[in-house]
Amino acid sequence: MGEKNFVDFATVRDKLLEAIERRGEISYEQTMALQHAEWKASSSGHPTGDIKTDPAVYGNLFSALMENEKLMQHPEVCSKIAELSPLNVADLRVIVASKRIAMDTSEVEEVIDVIKQHVL
């Protein structure tokens, strides 16, 4: 099994738009994925409504999150955090709870500080 590569919605959008340019068309499923990626990559697709997805920001934030001792074992969680960029404790706890990652409030706040450094 190969290594997984995680990407943000803006990258998905860009890859699908490139496919349209190359092939002239994409499948129905790809069209649905493109519409979803366009919405999620816009600021209106972000939970707070004010952060627009940027592939460079996503990549830098993902890398920074992978340096966290508790998160580094869960790249899929780092990807989700980098994509959603939660800015409050409750929202971040929902994401880390999906993998039962135990983090106390100070650890969660440290992650939020990392997010803020990259997206604000």
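Given the pairs Lys70/Lys99; Lys40/Lys70; Lys15/Lys40, which are separated by over 19 angstrom at their Cα positions? Mind showing how you got there, number by number?
On the way: Lys70/Lys99 11 Å; Lys40/Lys70 27 Å; Lys15/Lys40 15 Å.
Among Lys70/Lys99; Lys40/Lys70; Lys15/Lys40, the Cα-Cα distance tops 19 Å for Lys40/Lys70.
Using unit Cβ charges (K, R positive; D, E negative) and no other charged atoms, how large, in debye to the nearest 20, is the dipole of the chain about its Cα centre?
Here the size comes out at about 280 debye.
Label-point separation (nm) for Gln73 and Val7, each offset 7 Å from Cα along Cα-to-Cβ?
Here the answer is 3.0 nm between the modelled labels.
For Arg93, Arg13, Arg22, which order do you get if you count the other beta carbons within 10 Å of each Cβ and list the fewest first?
The order, fewest Cβ neighbours first, is Arg22, Arg93, Arg13.
Once the piece of chain linking Asp54 and Glu18 is laid out straight, how much longer is it, given 0.36 nm per residue of separation minus the C-alpha distance between them?
11.3 nm
So how far apart, in nm, are the two label points at Ser42 and Asp104 if each is 7 Å from Cα heading toward Cβ?
4.4
When only C-alpha pairs under 8 Å and at least 6 residues apart count, what is the relative contact order of the range 55-119, in percent? Please report the intermediate quantities before stating the final value.
Numbers: 55 pairs, mean separation 24.4, N = 65.
So the answer I get is 38 percent.
Every read-out reported here was derived from the displayed coordinates using simple, explicitly stated rules and does not represent laboratory data. What you are looking at is a predicted structure, and each value in this text was computed from that prediction instead of being measured. Positions of Cβ are backbone-derived with ideal geometry, glycine not excepted, and every protein chain shown enters the neighbour counts.
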